Amino acid sequence: MTSIPIADVSKGTKLLIDGQPWLVLEVNFVKPGKGNAFYKCRVKNLITGNVLDKTFRGGEKVETADVTDVEVTFLYSDANGFVFMNQKDYEQVTVPARVVGDDKDFLLENMECALTLWNGEPIQVRLPNTVTMEIEYTEPAVKGDTQSRVMKPARMKGTGVTIQVPIFCGIGDKVQINTETREFRGRAEK
Amino acid sequence: MSAPSWRPRASLEAQRARAERLQRVRAFFAARGVLELDPPLLQPGANLDPGVQPFAVQPAGSGGEVRFLPTSPEHALKRAVAAYRCDVWALSPAFRAGERGRWHAEEFRMLEWYRLGWDERRLAAETLELLAELTGWEATRGEWLTWREAWQRAGLDPAAIGDGEGLTRDERLDLLYAERVEPLLGRGRWTVISEFPPERAAQARLRPDRDGRPTAARFEIYREGLELANGYHECTDAAELAARQQRELALHPGCQIDAVFHAMLAEGLPACAGVAVGFDRALALALGRPALAEVLW
């Protein structure tokens with residue numbers, strides 16, 4: 001456990017507050033000319049995603065959380081969870097299903113992701129913003145109508161997730177999907 | 001590791017504006033017969049102001065005598081006032097540890113001056129003229145509020161605020177003042193705050209207000225929610241000042257009293273008023289820059 005002066009906290013610092021790891025999103029220094037100083041921090045819980053404002057006194061010491069980000073490659077999933085390989089040391093890390101959550105829908109073999117570790121334990125997987133997936137099944141494509149806003153469901157190869165795609169898409173087409181909004185972003189280059 | 005960014009944050013345009021405003025300040029004081037001084041930066045003791053943390057410096061290597069960087073040029077300029085018996089001003093580097101934010105920096109320039117025989121109201125009026133010179137905004141477009149009236153503007157009564165939420169009363173007052181009161185001050189005009197409570201006197205003298213309650217002869221000037229100036233009808237009571245400094249010393253670990261400054265006070269600071277203006281803040285506001293860093297360096 002490491003303590004640092006609150007003055008050294010900046011955007012991106014990871015703090016340990018009430019036994020939980022928090023990411024500092026924003027720091028505001030507040031101080032009347034001759035008076036007490038305060039640091040108003042917007043922090044995000046790295047486990048629950050909750051965001052809140054915390055006020056610290058100037059001169060206060062805060063504890064940092066041992067949080068690191070590592071680049072990993074997704075290998076496979078099994079009964080214990082999702083197995084990734086650390087790109088630096090080639091060690092395998094098993095991430096429990098509850099940590100991966102709904103992101104499992106976009107996890108394809110050999111996908112490069114960022115894994116957040118807290119005290120060496122995985123607490124968050126961050127996927128690329130966009131992934132390319134292949135349509136495994138959808139209703140037949142409507143030819144020619146490439147400007148259409150009309151959507152239809154399509155099942156993706158690999159994970160079986162169903163995404164809304166424009167009606168001009170057909171089986172075997174590769175599409176780009178925003179992993180945050182779970183929305184179709186465009187057709188991938190063939 | 002990428003190489004550190006070596007370019008100054010301030011644009012060339014901002015630097016030119018700074019140089020030009022500095023000329024205006026020089027002309028302002030020259031026309032008024034106030035002497036420009038260049039105060040020393042290594043002080044034998046620390047400025048001891050509430051909530052302001054100085055830097056202690058030492059020779060590199062084997063240690064040696066600790067000295068203190070000024071948090072404002074106050075000690076040197078008051079010694080000059082006492083020694084030369086004339087009005088003095090300086091635009092001088094000031095250092096405040098841990099003050100890093102949009103409108104705070106650990107190193108900045110303080111524009112400070114002293115007027116012999118003046119009180120804080122007369123000096124506040126002159127400060128408005130200086131600020132008008134710096135920013136181009138009319139000096140006469142201003143309002144005068146007491147500290148209590150400033151709180152009322154935010155719908156708050158400082159007397160009704162106690163401790164709570166893990167903060168002392170004093171801390172809560174500062175936090176509420178910074179968050180709720182300050183943003184309402186100086187909108188589209190100058191706001192001069194005066195008649196501070198005695199516990200917020202800092203270096204100001206005390207005197208009875210209209211209702212006979214002791215009040216601190218201190219003022220602050222705000223523009224667009226930002227404090228730009230802080231001035232006092234200076235307290236000259238050496239014993240009272242020594243007592244205030246001893247109280248503050250307890251809150252400033254690692255600091256020591258400036259014995260040279262106190263030797264001057266013991267002999268007698270002449271009656272005067274002094275004010276410190278955040279030169280960089282005024283410049284940033286005047287140029288419409290959204291942060292201090294854009295005009296500093």
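A few points about this structure:
- Here the range A:33-154 is treated as an ellipsoid with the same Cα gyration tensor; its semi-axes, largest first and in whole Å, are 39, 24, 12.
- Phi angles across the range B:135-141 convert, under the Karplus curve 6.51 cos²θ - 1.76 cosθ + 1.60 with θ = phi - 60°, into 3J(HN,Hα) values of 9, x, 9, 3, 5, 7, 7 Hz, Gly and Pro given as x.
- Radius, Kirkwood style, for the range B:47-92 when every pair of distinct Cα atoms is counted (Å): 12.6
- Extreme residue, positive dipole direction of chain B, given options B:Leu128, B:Val66, B:Val275 (C-beta unit charges): B:Leu128
- The fraction of Cα-Cα pairs per 10 angstrom bin, counted from 0 for the range A:57-129, comes to 19, 51, 16, 9, 4 percent, rounded to whole percents.
- Computed magnitude of the charge dipole of the range A:67-126 (debye, nearest 20; Cβ of K, R +1, Cβ of D, E -1): 120
- Positive-pole candidate from A:Asn110, B:Val295, B:Ser2, dipole of the protein assembly as shown, charges at beta carbon: B:Val295
- Per-selection Kirkwood Rh - the protein assembly as shown (Cα, Å, 1 d.p.): 26.8
- For peptide B:188-200, the mean count of partner chain Cβ atoms within 10 Å of a residue's Cβ comes to 0.
- The protein assembly as shown, dipole about Cα centre (Lys/Arg Cβ +1, Asp/Glu Cβ -1), debye to the nearest 20: 1120
- Computing FRET efficiency as 1/(1 + (r/R0)^6) for A:Val142 and A:Glu71, where r is the C-beta to C-beta distance and R0 is 51 Å, gives about 0.80.
- Residue ranges B:139-151, B:221-233, A:36-48, A:86-98 sort as B:221-233, A:36-48, B:139-151, A:86-98 when ordered by packing (mean number of other C-beta atoms within 10 Å per residue, highest first).
- Translational D in µm²/s for the range B:208-279 (Stokes-Einstein at 37 °C, 0.692 mPa s, Kirkwood Rh from C-alpha pairs): 227
- In nm, spacing of pseudo-spin labels at B:Glu267 and A:Thr94 (7 Å Cα→C-beta vector): 8.1
- Percent carbon-and-sulfur accessible area, the range A:3-63, ignoring ligands, DNA and RNA, probe 1.4 Å: 44
- Rg and Dmax of the range A:3-63, based on Cα coordinates, read 11.4, 39 Å.
- Selected from A:Ser77, A:Val62, A:Phe29, residue furthest toward positive end of dipole (chain A; charges at beta carbon): A:Phe29
- Both chains summed, the buried accessible area for B and A stands near 1700 Å², from protein heavy atoms and a 1.4 Å probe.
- Take each residue of peptide B:174-184, count the partner chain Cβ atoms within 10 Å of its Cβ, and average: the result is 4.
- Along the range B:276-289 the Karplus relation, 6.51 cos²θ - 1.76 cosθ + 1.60 evaluated at θ = phi - 60°, assigns HN-Hα couplings of 10, 10, x, 4, 5, 4, 4, 5, 4, 4, 4, 8, x, 8 Hz to successive residues, with x for each Gly and Pro.
- Amide H contacts of A:Ala141 (H built 1.01 Å from N, in plane; Pro and chain starts excluded): A:Ile171 sit under 5 Å, all sequence-distant by 5 or more or on other chains.
- Amide H contacts for B:Trp190 (H built 1.01 Å from N in the peptide plane; partners 5 or more residues away or on another chain; cut-off under 5 Å): B:Gly142, B:Glu143.
- In order through the range B:173-184: 3J(HN,Hα) via Karplus (6.51 cos²θ - 1.76 cosθ + 1.60), integer Hz, x for Gly, Pro: 4, 5, 5, 5, 4, 5, 8, 10, 8, 3, x, 8
- Rg over Rh for the range A:98-178 works out to 1.09, using Cα positions for both radii and the Kirkwood form for Rh.
- Distant-in-sequence amide contacts of A:Asp66, defined by a placed amide H-H separation under 5 Å and a gap of 5 or more residues or a different chain, comprise A:Asn119.
- Counting Cβ atoms of other protein chains within 10 Å of each residue's Cβ and taking the mean over peptide B:221-229 gives 1.
- Alpha-carbon centroids, the range B:34-49 and the range A:25-83: separation in whole Å: 40
- The residues of the protein assembly as shown present an accessible area of 50 Å² per residue when probed at 1.4 Å with all protein chains retained.
- Cα centroid of the range A:103-182 to Cα centroid of the range B:163-186, whole Å: 49
- Dipole magnitude of chain B, debye to nearest 20 (Cβ charges: Lys/Arg +1, Asp/Glu -1, about Cα centre): 660
- Dimensionless Rg/Rh of chain B - Kirkwood Rh, Rg from C-alpha atoms: 0.95
The values are calculated or read from the model by the stated rules, or taken from the named source; none is laboratory data. Quick caveat, the model's predicted, so the values are computed rather than measured. Here the Cβ is made from the backbone with ideal geometry for all residues, glycine too, and neighbour counts use every protein chain on show. These area figures cover heavy atoms from the full protein model, side chains too; ligands, DNA and RNA do not enter into them. Shrake-Rupley method; radii C 1.70, N 1.55, O 1.52, S 1.80 Å.
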